[in-house]
């Protein structure tokens with residue numbers, strides 16, 4: 001199993017960072033690439049035409065290796081919202097269609113479909129988690145599958161739920177969407193980079209990921225994978241770089257009617273960010289070296305004992321079959337004083353996310369079992 005990797009980060013001594021689902025800390029190597037990019041931009045005479053394309057091509061290859069896909073289906077996007085906007089822009093719907101989402105998804109994977117409901121009259125089916133905590137993940141997955149019918153145009157959800165880490169069975173959901181001719185669009189922000197995914201196996205129509213969480217890159221840069229459904233579509237943005245032959249600077253005003261082939265037409269303008277792109281590239285290289293399945297093994301090992309102790313103390317945590325090992329939710333026992341707990345967590349310099357009466361814990365290779373045990377100590381000694 002891979003060893004602890006804290007030395008590769010600049011985390012503050014004495015603090016416990018269990019909040020990668022909020023934002024990952026930067027690797028020292030990624031930080032270095034950002035500084036190098038700033039220094040390079042300081043002297044633009046050293047920026048050549050090839051610099052606009054070389055690192056982005058390398059990112060495509062690294063990300064395609066990570067998701068087991070084709071590099072020419074990967075594009076850079078500034079956000080998940082932007083990536084989803086390309087989907088909405090090319091979705092043909094009628095008033096009889098429905099779109100399915102899981103309840104309380106992150107807003108970037110809700111508002112696009114809500115807008116379609118408002119503008120086109122489609123039915124937005126929001127599938128809630130069951131009220132019970134018994135077999136909660138299994139029942140939620142079953143509810144999603146049952147909701148998909150012959151009028152379903154698209155299912156949009158994450159591989160894991162961003163708030164509590166509930167794992168959705170993409171294989172079964174993909175199978176069901178194929179049966180009814182619906183699209184599957186995945187927000188991979190809370191999974192890709194830490195949880196293995198194979199787009200050749202699942203064949204999503206789109207996979208969109210923010211780059212600043214489990215991909216361990218900078219803010220304001222993400223990645224999207226678009227399947228064949230979108231090959232002849234129109235991008236939300238008309239820019240020079242997504243047009244055919246854009247790499248030929250001498251002929252930029254020989255205006256092209258055609259876009260870059262296939263998914264490359266969805267490339268965001270100014271994607272050749274000389275600071276952010278090298279940072280994301282370096283992060284992807286490191287993740288591919290670690291491998292997501294090894295990250296899962298490590299996180300499983302350091303959370304096993306803490307989770308057992310929390311359950312024994314009356315806290316609820318989803319069964320392993322329906323959650324990843326990198327991200328899980330802790331539901332507090334009844335009558336817990338959440339504000340007192342929040343204050344104690346902060347006083348002990350532990351960083352987690354608190355959502356209502358639940359705590360989201362998101363560990364990585366820079367954490368240890370001792371980090372989790374520190375959180376356990378705070379929680380079990382609650383008033």
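The values are calculated or read from the model by the stated rules, or taken from the named source; none is laboratory data. What you see is a predicted model; the values in this text were computed from it and never measured. Using ideal geometry, Cβ is built from the backbone for each residue, glycine included, and neighbour counts are taken over all protein chains shown.
Observations, loosely collected:
- Here residue 34 fulfils each of the conditions (1) outside the structural domain of residue 160 (by TED's automatic domain parsing); (2) modelled with pLDDT under 95 apart from (2).
Let's see how each residue does on (1) modelled with pLDDT under 95; (2) within 20 Å of residue 322 (Cα to Cα); (3) surrounded by 19 or more Cβ atoms within 10 Å (Cβ to Cβ):
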{"residue": "155", "(1), (2), (3)": "no, yes, yes"}
{"residue": "161", "(1), (2), (3)": "yes, yes, yes"}
{"residue": "183", "(1), (2), (3)": "no, no, yes"}
{"residue": "190", "(1), (2), (3)": "no, yes, yes"}
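- For segment 13-45, a tally of residues being part of a loop (DSSP other than H, G, I, E, B), touching a residue at least 12 places away in the same chain (Cβ under 8 Å) and exposed (fewer than 13 other Cβ atoms within 10 Å of the Cβ) returns 2.
- Among (1) surrounded by fewer than 22 Cβ atoms within 10 Å (Cβ to Cβ); (2) modelled with pLDDT of 95 or more; (3) more than 17 Å from residue 211 (Cα to Cα), the one test that residue 87 misses: (1)
- Spans of helices (runs of 4 or more DSSP H) in segment 262-358 with at least 3 residues within 21 Å of the chain's Cα centre (by Cα) and under 29 Å from residue 230 (Cβ atoms): 276-290
- Count of residues meeting criterion [under 24 Å from residue 194 (Cβ atoms) and in contact with a strand residue (DSSP E or B) (Cβ under 8 Å, 6 or more places away or on another chain)] in segment 364-383: 7
- Of the residues making up segment 86-136, those that are in contact with a helix residue (DSSP H, G or I) (Cβ under 6 Å, 6 or more places away or on another chain), over 17 Å from residue 157 (Cβ atoms) and in a loop (DSSP other than H, G, I, E, B) are 90, 93.
- Exclusive hit being surrounded by 20 or more Cβ atoms within 10 Å (Cβ to Cβ) and under 30 Å from residue 218 (Cα atoms), set 348, 293, 367: 367
- Residue in segment 107-124 that is within 23 Å of residue 168 (Cα to Cα), in contact with a strand residue (DSSP E or B) (Cβ under 8 Å, 6 or more places away or on another chain) and either in contact (Cβ under 8 Å) with a residue 60 or more places away in the chain or not assigned by TED's automatic domain parsing to the domain that holds residue 227 (or both) present: yes
- For residue 256, the criteria (1) surrounded by fewer than 18 Cβ atoms within 10 Å (Cβ to Cβ); (2) touching a strand residue (DSSP E or B) at 6+ places or on another chain (Cβ under 7 Å); (3) modelled with pLDDT of 95 or more hold in every case but one, which is (3).
- Entry remark, segment 240-266: residues being out of contact with any helix residue (DSSP H, G or I) (no Cβ under 6 Å at 6 or more places or on another chain), within 22 Å of residue 41 (Cα to Cα) and in contact (Cβ under 8 Å) with a residue 24 or more places away in the chain number 3 in total.
- Residue 234 being surrounded by fewer than 24 Cβ atoms within 10 Å (Cβ to Cβ), touching a residue at least 40 places away in the same chain (Cβ under 8 Å), in a strand (DSSP E or B) and assigned by TED's automatic domain parsing to the domain that holds residue 88: no
Per-residue answers, yes or no, for (1) more than 13 Å from the chain's Cα centre (by Cα); (2) part of a loop (DSSP other than H, G, I, E, B); (3) free of Cβ contacts under 8 Å to residues at least 24 places away in the same chain; (4) at positive phi:
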site: 190; (1), (2), (3), (4): no, yes, no, no
site: 197; (1), (2), (3), (4): no, yes, no, no
site: 200; (1), (2), (3), (4): yes, no, no, no
site: 204; (1), (2), (3), (4): yes, yes, no, no
site: 209; (1), (2), (3), (4): no, no, no, no
site: 212; (1), (2), (3), (4): no, yes, no, no
site: 219; (1), (2), (3), (4): no, yes, no, no
site: 224; (1), (2), (3), (4): no, no, no, no
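For (1) at pLDDT 95 or above; (2) more than 20 Å from the chain's Cα centre (by Cα); (3) under 29 Å from residue 239 (Cα atoms), each residue gets a yes or a no:
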| position | (1), (2), (3) |
| --- | --- |
| 63 | yes, no, yes |
| 74 | yes, no, yes |
| 122 | yes, yes, no |
| 145 | yes, yes, no |
| 167 | yes, no, no |
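- Screening residue 364 on (1) modelled with pLDDT under 95; (2) in a loop (DSSP other than H, G, I, E, B); (3) within 22 Å of the chain's Cα centre (by Cα) shows it passes everything except condition (1).
- Close Cβ contacts (under 6 Å, 6 or more residues apart or on different chains) running from residues in segment 46-74 that are closer than 23 Å to residue 286 by Cβ to residues that are exposed (fewer than 14 other Cβ atoms within 10 Å of the Cβ) and modelled with pLDDT of 95 or more comprise 68/198; 68/200.
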